[in-house]
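The values are calculated or read from the model by the stated rules, or taken from the named source; none is laboratory data. Please read these numbers as outputs of a predicted model, since none were measured by experiment. Neighbour counts are summed over all protein chains in view; Cβ atoms, including those assigned to glycine, are modelled from backbone coordinates with ideal geometry.
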Amino acid sequence: MADLPDRVKYLVIGAGVHGLSSAWHLAKEQRARGEEPDVLIVDKTGIGAGASGIACGVVRNNYFQPAMSELMAANVEVWEQDPPGFSYHPVGYVALGCGAQVDDLTAVYERQQRIGYPSELIVGADAVRSHMKEMFPDWRAQGVEVCLHEEKGGYANNMASMQGLAKKAQEAGARLVTGVTVTGFDMDDSGAVKTVQTDQGDIAVEQVVVGVGPWIASLWEMLGLSDRIDVRTPEGDVHKDQEMWTYWYLQEGEISVDPKLLSLPDGSMPPVLHVDSDAPLYDDDGKLITDELWGNYFKQDPHGVQGGAAPIIVGHEFEVDPYPTASVESSFADMWCASLSHCMERFEGKRGTYANVRSGGVGCFTAASFPIFDDMRPNVYVIADSNHGYKMIGVGREVAQVMTGGHSSVLYPFRYERFATGDLHPVSNSPYPWS
Ligand SMILES: Cc1cc2nc3c(=O)[nH]c(=O)nc-3n(C[C@H](O)[C@H](O)[C@H](O)COP(=O)(O)OP(=O)(O)OC[C@H]3O[C@@H](n4cnc5c(N)ncnc54)[C@H](O)[C@@H]3O)c2cc1C
C-alpha cells in the first residue's frame with residue numbers, strides 16, 4: 001500500500017505539467033505565509049505518464065485568441081525562470097501561413113506588440129522566403145505568404161522538464177506519491193469534497209486540484225458534472241446539449257538523423273517551425289500527397305528531427321488507458337516527411353529515416369476547444385486545458401494564487417460560465433483546433 005496521509009490541506013490529482021506546477025506554487029505560497037507546506041500530489045502511474053510526458057514540447061505565444069496570448073506570455077515567464085532546470089530551449093518560434101492567414105497572424109503580431117511580447121511580422125511570399133533563407137539557405141516552401149517570428153518561446157524536452165518540475169515541487173515541500181488512483185469523491189450538501197477516495201485509501205481534504213489531462217472525463221463524472229452542455233455563441237445562438245469532450249489523436253513522429261541536420265548556419269539550434277501552406281504537397285518521387293491546405297511543425301530533437309501534422313478526431317468516447325502513443329498510420333509518415341522535404345532541400349530523401357518511436361498521443365478537448373480553468377465545486381479547482389497545455393507551466397502559479405484567496409486575470413477568461421454567457425474565444429483560420 002502507498003504511504004498516504006489521512007488528511008491533507010491541498011490534494012493535487014495528476015503529476016503532469018498542471019498538477020506539478022500547482023503543487024509547486026501552492027507549497028511555495030504556504031511557505032511564504034510562514035506555514036509548513038501541506039500539499040500532496042497523487043498520480044495513478046507516475047511523473048509525466050500522460051500528455052505532458054509525450055508532448056512535442058512547443059512553447060509559443062501565437063494564438064489568435066487574445067486571452068490565450070496573454071496567458072502564454074505569463075507561461076513563458078515561468079519557463080524563463082530556470083531554462084536548464086526545465087530542460088527548456090529558448091530558441092524562439094516561427095509560424096508561417098498561407099494567404100488566408102495573413103490577417104490572423106497580423107492581428108496576433110499587433111497584439112504581441114501591445115503586450116510587449118517581442119516578435120517580427122513579415123508579409124509577402126518573397127519577403128518571407130528571404131527571411132527564411134537567412135536561417136535555412138535551402139528553404140524552398142511554397143504557398144507561404146506570412147511569417148510571425150516570435151523571439152521568445154521555443155521548446156522543452158518533455159520528460160526531462162516534468163522531472164525538473166517535480167523536483168521543484170518536492171524541494172518546495174510538496175509530497176508526491178505515485179501508484180495511487182483516485183476513484184471517487186465524498187461531497188457534503190454544498191457539493192464541497194470532504195474526502196477523496198483512492199485505491200489506496202481515503203484522504204480527507206480541504207482543497208483539491210484536478211489536473212488529469214486526457215482523463216478529465218472520468219474525474220468530471222466523479223465530481224457529478226454533466227458530459228453534455230448548452231453552448232451559447234457570441235452571436236447569441238444556443239447550441240443545445242453538446243458533447244462536453246472530444247478526443248483528438250495528435251500525430252507526431254521523428255526522423256532519425258543527426259540533429260545538427262536542422263541547425264542554423266552557425267551550428268546553433270534553430271527556432272521551432274510551424275508551416276501552414278496551400279501549395280500542393282508532393283513526395284520526393286513526385287506523387288501528390290494533398291492539394292488541400294496542409295500544415296506541419298518540427299524542431300531539433302536529441303535523436304533527430306521531431307514534429308507533427310494535422311490531428312485526427314477520434315470522437316467523444318475513448319478509453320485513455322493504456323495511454324496510446326506511436327500509433328500513427330504510414331500515411332502520416334509519408335505526409336510529414338514530404339512536408340519536411342517541401343520546406344527544406346536537406347530533408348529530401350529522408351523518408352527512409354522515419355523512426356517509429358514513442359511520439360504522438362491523445363488529447364481531450366472541451367466543447368469550445370479552449371480550456372476550462374475554474375472552481376467546479378466549492379473546494380475543487382479543475383484544470384481542463386483542452387490539450388493546449390504543455391506550454392502552460394504558469395497556470396499552476398495562477399491556480400495557487402486563486403486557491404489561496406487571490407485573483408487571476410489571465411485565468412478569468414477561461415471560466416466555465418462562459419459556455420452559458422456566450423463569452424467564448426474567437427476562432428481563427430488555422431487548420432488546427434488549437435490556434
Ligand atoms: C502528442 C501530443 C503533443 C503535444 N504537444 C504539445 C506541445 O508541443 N505544446 C503544448 O503546449 N501542448 C502540447 N500538447 C498538449 C499537452 O501535452 C497537454 O495539454 C498537457 O500536457 C496536459 O497536462 P495535464 O497536466 O493536464 O495532464 P497530463 O500530463 O496528461 O497528466 C495527467 C496525469 O493524471 C494522472 N491521472 C489520470 N487519472 C488519474 C486518477 N484517476 N488518479 C490519479 N491520477 C490520475 C495520469 O496518470 C497523468 O500522469 C500535446 C499533447 C499531445 C498528446
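Is the range 58-70 home to any residue that is more than 28 Å from S409 (Cα to Cα) and either surrounded by 24 or more Cβ atoms within 10 Å (Cβ to Cβ) or of a type outside the set (D, E, K, R) (or both)? Checked against the condition, which is being more than 28 Å from S409 (Cα to Cα) and either surrounded by 24 or more Cβ atoms within 10 Å (Cβ to Cβ) or of a type outside the set (D, E, K, R) (or both), the range 58-70 yields no hits at all.
Within the set S119, S87, S52, the sole residue that is in contact (Cβ under 8 Å) with a residue 12 or more places away in the chain, within 11 Å of the ligand (Cβ to nearest atom) and under 30 Å from S359 (Cβ atoms) turns out to be S52. T421 meets each of the listed conditions (1) more than 16 Å from the ligand (Cβ to nearest atom); (2) among the β-branched types (V, I, T); (3) out of contact with any strand residue (DSSP E or B) (no Cβ under 8 Å at 6 or more places or on another chain) apart from (3). Of the residues screened, L26 is one that is more than 7 Å from the ligand (Cβ to nearest atom), within 13 Å of G394 (Cα to Cα), at pLDDT 95 or above and not hydroxyl-bearing (S, T, Y). Scan the range 1-29 residue by residue and report those that are surrounded by fewer than 24 Cβ atoms within 10 Å (Cβ to Cβ) and either touching a helix residue (DSSP H, G or I) at 6+ places or on another chain (Cβ under 7 Å) or in a loop (DSSP other than H, G, I, E, B) (or both). Matches in the range 1-29: M1, A2, D3, L4, P5, D6, K28, E29.
Scan the range 352-373 and give yes if some residue there is surrounded by 20 or more Cβ atoms within 10 Å (Cβ to Cβ) and among the basic types (K, R), otherwise no. No - not one qualifying residue is present in the range 352-373. Might you check whether a residue that is in the same structural domain as P265 (by TED's automatic domain parsing), aromatic (F, W, Y), part of a strand (DSSP E or B) and on the phi < 0 side of the Ramachandran plot occurs anywhere in the range 350-357? Looking through the range 350-357, at least one residue is in the same structural domain as P265 (by TED's automatic domain parsing), aromatic (F, W, Y), part of a strand (DSSP E or B) and on the phi < 0 side of the Ramachandran plot.
This table checks each residue for (1) more than 11 Å from the ligand (Cβ to nearest atom); (2) within 25 Å of G201 (Cβ to Cβ); (3) part of a strand (DSSP E or B); (4) of a type in the set (A, V, I, L, M, F, W, C).
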{"position": "R31", "(1), (2), (3), (4)": "yes, no, no, no"}
{"position": "E36", "(1), (2), (3), (4)": "yes, yes, no, no"}
{"position": "C56", "(1), (2), (3), (4)": "no, no, no, yes"}
{"position": "F64", "(1), (2), (3), (4)": "yes, no, no, yes"}
